[in-house]
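Novice: The structure under discussion is supplied below as structure tokens; questions concerning it will follow.
The values are calculated or read from the model by the stated rules, or taken from the named source; none is laboratory data. From a predicted model like this one, the values you see are computed outputs, not experimental measurements. Virtual Cβ from ideal backbone geometry, glycine too; neighbours counted across all protein chains shown. With ligands, DNA and RNA removed, areas are computed over all heavy atoms of the protein, side chains included. Shrake-Rupley method; radii C 1.70, N 1.55, O 1.52, S 1.80 Å.
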Amino acid sequence: MNDRPTRVWNGVTIPEPGIYILDEAHKRIGFQAQHMMVSAVRGEFARGGATITIGDDPAQSSVTAHIETASVTTHNPDRDVHLQSADFLDVENFPTIAYASTGLAWRENNDAIFDWARLRNNPLTRRGAVTDVPEPSRSPGRFVLSGDLSVKDVHRPVDLTVEFGGARRDPYGQDIFGFSATTEIDREDFGLVWNVALEAGGWLVGKRIRIEIAGEAILQQPG
């Protein structure tokens with residue numbers, strides 16, 4: 001193990017190669033859905049885990065993860081029971097949700113505002129010359145993780161936008177790194193189709209679900 005458990009790749013300080021696991025004490029596996037077409041309901045899964053393999057070539061890194069469906073909570077007992085039922089997660093027959101990555105790619109910063117600003121210098125514009133806009137810098141530590149999500153034995157490809165938070169050695173001598181990840185899925189793609197149509201139009205429960213994951217990973221086996 002190196003004295004400094006990090007390296008620089010593509011201008012980003014990243015962890016050394018090895019096998020890491022999600023720290024149970026520093027994780028959140030959350031989600032957000034729309035209720036009555038007007039407000040957000042947030043929830044999370046209290047139990048879940050992940051194994052993250054950081055490769056010598058960071059682009060060859062991989063992730064496998066699982067979630068215990070019965071641990072779902074929105075801090076409303078009646079709603080939680082409904083989510084656990086066959087209308088939604090059917091936890092008796094499908095106790096886990098699984099994810100396995102299939103690829104990892106660096107995400108360049110292609111902020112649309114910079115593209116718009118450059119168009120102002122196009123010869124067709126009616127405006128005069130403006131100050132040159134610099135090329136956008138990369139967003140340090142932003143990646144796209146591609147993978148296969150399995151819910152109720154339905155498999156669909158899902159990409160996660162991952163923000164790398166940094167890597168270091170903690171006061172207990174453990175090599176760790178932090179991250180957050182987000183994506184959005186259509187729950188009906190995974191057989192979660194229960195709903196109630198509203199008289200004024202729309203649905204009781206939104207079909208689009210935002211997934212929000214954050215945590216720290218601890219080195220278990222150096223690469």
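Novice: Does the range 8-84 come out rounded, prolate or oblate by the C-alpha gyration tensor, with a ≥ b ≥ c the root eigenvalues, rounded set by a/c under 1.5 and, if not, prolate when a/b is larger than b/c and oblate if not? It would help to have the intermediate numbers written out before the result.
Specialist: Numbers: a/c = 3.56, a/b = 2.21, b/c = 1.61.
Judged from the Cα gyration tensor, the range 8-84 comes out prolate (a/c at least 1.5, a/b above b/c).
Novice: Apply the Karplus curve 6.51 cos²θ - 1.76 cosθ + 1.60, θ = phi - 60°, to the phi angles in the range 173-182 and return the couplings in whole Hz, x for Gly and Pro.
Specialist: Going residue by residue, I get x, 8, 8, 10, 9, x, 7, 9, 8, 9 Hz, with x marking Gly and Pro.
Novice: I need the Debye-formula profile for the range 175-222: one equal scatterer per C-alpha, no solvent, reported as log10 I(q)/I(0) at q = 0.26, 0.32 1/Å, two decimals.
Specialist: The Debye formula, applied to the Cα set alone, gives -0.95, -1.12.
Novice: Sort 206-218, 178-190 for me by packing, meaning the mean count of neighbouring Cβ atoms within 10 Å per residue, highest on top. Write down the numbers at each step before the final one.
Specialist: Working: 206-218: 18.5, 178-190: 16.8.
In decreasing order of mean packing, 206-218, 178-190 become 206-218, 178-190.
Novice: Search the structure for amide H atoms under 5 Å from the amide H of residue 220, placed 1.01 Å from N in the peptide plane, and list their residues when 5 or more places away or on another chain.
Specialist: 19, 20, 21
Novice: Give the accessible area for residue 161 in Å² (nearest 10); use a 1.4 Å probe, count only protein heavy atoms, and leave out ligands, DNA and RNA.
Specialist: The accessible area comes out at roughly 40 Å².
Novice: In what sequence, highest mean first, do 59-69, 192-202 appear when ranked by Cβ atoms within 10 angstrom? Provide the component values of the computation, followed by the final result.
Specialist: On the way: 59-69: 17.8, 192-202: 11.1.
In descending order of packing, they fall as 59-69, 192-202.
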